[in-house]
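Reading through the structure tokens given below for one structure.
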Ligand SMILES: Cc1ncc(COP(=O)(O)O)c(C=O)c1O
């Protein structure tokens, strides 16, 4: 296709079918890293900007403010450059250095929130408070507020769901990470009418509080909601049939396994989603499963693909990796 702007290049990402050993079941990864900003968040960034422009909240030359773990800010920075808006991205130390460099490369401003929380604690509450304050004190600024903005979820219902429906006649199981909830809820809502029997499984890190349980630290970036932060309105519990938790070790080992066995780099939340999808397929025997993989491992070369980084956090465990490898290897075709 020929795009006339980078906005036109958002979406139409490929599916990769993994060679499953579980007979009668097929698993497709929706590889969202093939968006121009290299994550699925380009879809909602475009949708939220279009909506703000349509409603008149955002006028030419205006300022956008958003709190982000990095991917939303990257999508917004890219589209703000295309449309010549000023973007102030409020991030915390959880955002990888690579993501921050990318946001700055598009000419956006980065405000780093410092918290006294531990290394594995996400500073979402502090980020959201600062973004709100900056928007309130900057004339003409719009705070997009992704957790509660309906244009976040509708950005996926209109594009990701439509793509999946055109690619596959039936989907029995849809698995995706849940942070703001926009991607999974929106995709599920967009597909439900066409595929009423489809089961939807939401995945969050152990330590995130969306599906209950105790809060705690986690390193899976961009996904989940930490303790003390309100669950966003884009988490639609009416369309998510089951919520599961995956630990950092399982999520990262799965992403690393996939890189070495299949030659595809996925991010940590994608590792968690793939792990949960394999568990759910094994339990249910679902014939056709989609795992939404939010972004690529290229964004995490300094973290989850770095042995020293993992070791320093107690996340590199060869015994666990061997056990896990054997479990994950279920999807590899018999030699
Ligand atoms: C890498 C990654 N995974 C998962 C998510 C969660 O997606 P959502 O906010 O649509 O629930 C995000 C959101 O920022 C993300 O960046």
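Once the Cα atoms of helix 182-192 and of the chain are each reduced to a long axis, what angle between those two axes, in degrees from 0 to 90 to the nearest 10, is obtained? Here the helix axis deviates by roughly 60 degrees.
Rounded to the nearest 500, what is the 222 nm mean residue ellipticity of the chain from helices alone, with -39500 (n - 2.57) per DSSP H run of 4+ residues and division by all residues? Let's see the in-between values first.
Numbers: 11 runs with 126 residues, N = 335.
Counting only the DSSP helices, I get -11500 deg cm²/dmol.
Here the label points at residue 15 and residue 168, each 7 Å from Cα along the C-beta direction, are separated by 0.5 nm in the simple model. With the convex hull drawn around the C-alpha atoms of the chain, the volume per residue stands at 131 Å³. Annotation: the antiparallel percentage among DSSP beta bridges lying fully within the chain is about 15. Can you give me the angle between helix 124-137 and the longest principal axis of the chain, using Cα atoms only, in degrees from 0 to 90, rounded to the nearest 10? Helix 124-137 and the main axis of the chain meet at about 20 degrees.
I want to make sure I understand the PRE zone here: with the label point 7 angstrom from the Cα of residue 59 toward its beta carbon, which residues in region 76-105 have backbone N atoms less than 16 Å away? Those under the cut-off are 85-86. For region 45-60, the residues whose backbone nitrogen is under 15 Å from a point 7 Å from the Cα of residue 84, taken along Cα to Cβ, are 59-60. To the nearest 10 degrees, how steep is helix 318-328 against the longest Cα principal axis of the chain, on a 0 to 90 scale? Value to nearest ten degrees: 80.
Read-outs: derived from the displayed coordinates by stated rules, not from any lab. Keep in mind it's a predicted model, so treat the numbers as computed, not measured. Backbone-built Cβ (ideal geometry, glycine too); neighbour counts: all protein chains shown.
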